């Protein structure tokens, strides 16, 4: 093994110090005509590929001497950096060489990982001479994006090395997944279906199929870095929000559990993402609205239905009721934002918004359910304020569908007006706003009220 390692180091030095003709000659003689490299890349010390896989699955300790693998990787990195464009593309698209590098990357040292990621960043992602098809082939090979993501946060090496590695991976993934035209991230059309392009992946009804496969492998509920990457991609690629939400199978049912609270917060964060173009950028709306099904799925994913939201008025846990109320608030806020963005669209857009509002209203809790939830929030100021904000949004976005129950609201307004905290004051202000929006409410029949503000 020592002789093998010394030979590889010599070849690497020849590539590093030689010109393009020498590099291309070595590439043809060593890489193209010598089949030992795949074996060297698939070997870690005395362990071969199958043994490495078993050790990774059982999280066993690998040999202290990694063998020739890191040196073989360094040699191929040197080839990629120095070879001509043709040979560079041949190596990058050759699965025989790239597959073992990617497959066992999470087991490599921080130095090997950093060198490989730097090579991908500088000599593939940012290299304008590499065709987009080649980049797309590389970044769709062996789940490479997820493999690199899985290295982030590993407790391996010194804290300084870990910080350097994690910063490098974070920068690479953000540039690879959120920059248009680099072979991974394609310019989309938001909620509109894309026309097929010659360089677009086939078999998908949206542009960024490779990114969808990547984000569906992430664990945003368990790992903070995965969540950050997911939200950055969904913010940039609005066409992926709906299919990603559809991919969430077996959602956590409302209950006092980490899975539900975390998932509800994630759904709320996705729904609250900015509206895509042309709603947020171009003041001139297209003649034709996007498909209603796509818009509804973005505003209110299918897994959030009336039965899912039913515990908002009767669950024993205030935290569960609050999480559900925040979901409803996010849906209504986004619908209001869409209504404001399409206000000047004419009759076609008005009909489009009417259908969306009707669909959402049929899946959201009745206003009476929110009023009941509010009546049960005397010991929870946050939940009380959340319910009142939702009722305000109901009266704004569904003004043409149903009025709020004036009798129930009037009873709520005639409650004791003792204002002690800032939350009490804000609650009364929201109640007065509801009164202003609903002229049928009568609340002044009470003979006397006790309005005391402790701060006066």
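One line per residue, one yes/no per condition, for (1) touching a helix residue (DSSP H, G or I) at 6+ places or on another chain (Cβ under 6 Å); (2) modelled with pLDDT of 85 or more; (3) on the phi < 0 side of the Ramachandran plot; (4) not in a helix (DSSP H, G or I):
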| residue | (1), (2), (3), (4) |
| --- | --- |
| 176 | yes, yes, yes, no |
| 183 | yes, no, no, yes |
| 191 | yes, yes, yes, yes |
| 195 | no, no, yes, yes |
| 204 | no, no, yes, yes |
| 222 | no, yes, yes, yes |
| 227 | no, yes, yes, no |
| 231 | no, yes, yes, no |
| 250 | no, no, no, yes |
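The requirement of being modelled with pLDDT of 85 or more, assigned to a helix (DSSP H, G or I) and out of contact with any helix residue (DSSP H, G or I) (no Cβ under 6 Å at 6 or more places or on another chain) is not satisfied by residue 88. Is it the case that some residue within the range 401-411 is at pLDDT 80 or above and in contact with a helix residue (DSSP H, G or I) (Cβ under 8 Å, 6 or more places away or on another chain)? Within the range 401-411, none of the residues are at pLDDT 80 or above and in contact with a helix residue (DSSP H, G or I) (Cβ under 8 Å, 6 or more places away or on another chain).
Filtering 240, 218 for residues that are at negative phi, in a helix (DSSP H, G or I), outside the structural domain of residue 260 (by TED's automatic domain parsing) and at pLDDT 90 or above leaves a single hit, 240. For the range 254-273, a residue qualifies if it is in contact with a helix residue (DSSP H, G or I) (Cβ under 7 Å, 6 or more places away or on another chain), closer than 16 Å to residue 316 by Cα and loosely packed, with under 15 Cβ neighbours inside 10 Å, and the qualifying residues are 255, 256.
For the condition more than 17 Å from residue 305 (Cα to Cα), part of a helix (DSSP H, G or I) and at pLDDT 80 or above, residue 388 qualifies. With respect to being under 23 Å from residue 216 (Cβ atoms), in contact with a helix residue (DSSP H, G or I) (Cβ under 9 Å, 6 or more places away or on another chain) and modelled with pLDDT of 90 or more, residue 149 fits the description.
Scanning the range 342-373 for residues that are surrounded by 16 or more Cβ atoms within 10 Å (Cβ to Cβ) and over 18 Å from residue 305 (Cα atoms) turns up 342, 345, 349, 352, 353, 371, 372.
The values are calculated or read from the model by the stated rules, or taken from the named source; none is laboratory data. Predicted model only: the values in this text are computed from it and were never measured. Glycine also receives a Cβ, built like all others from the backbone with ideal geometry; neighbour counts cover every protein chain displayed.
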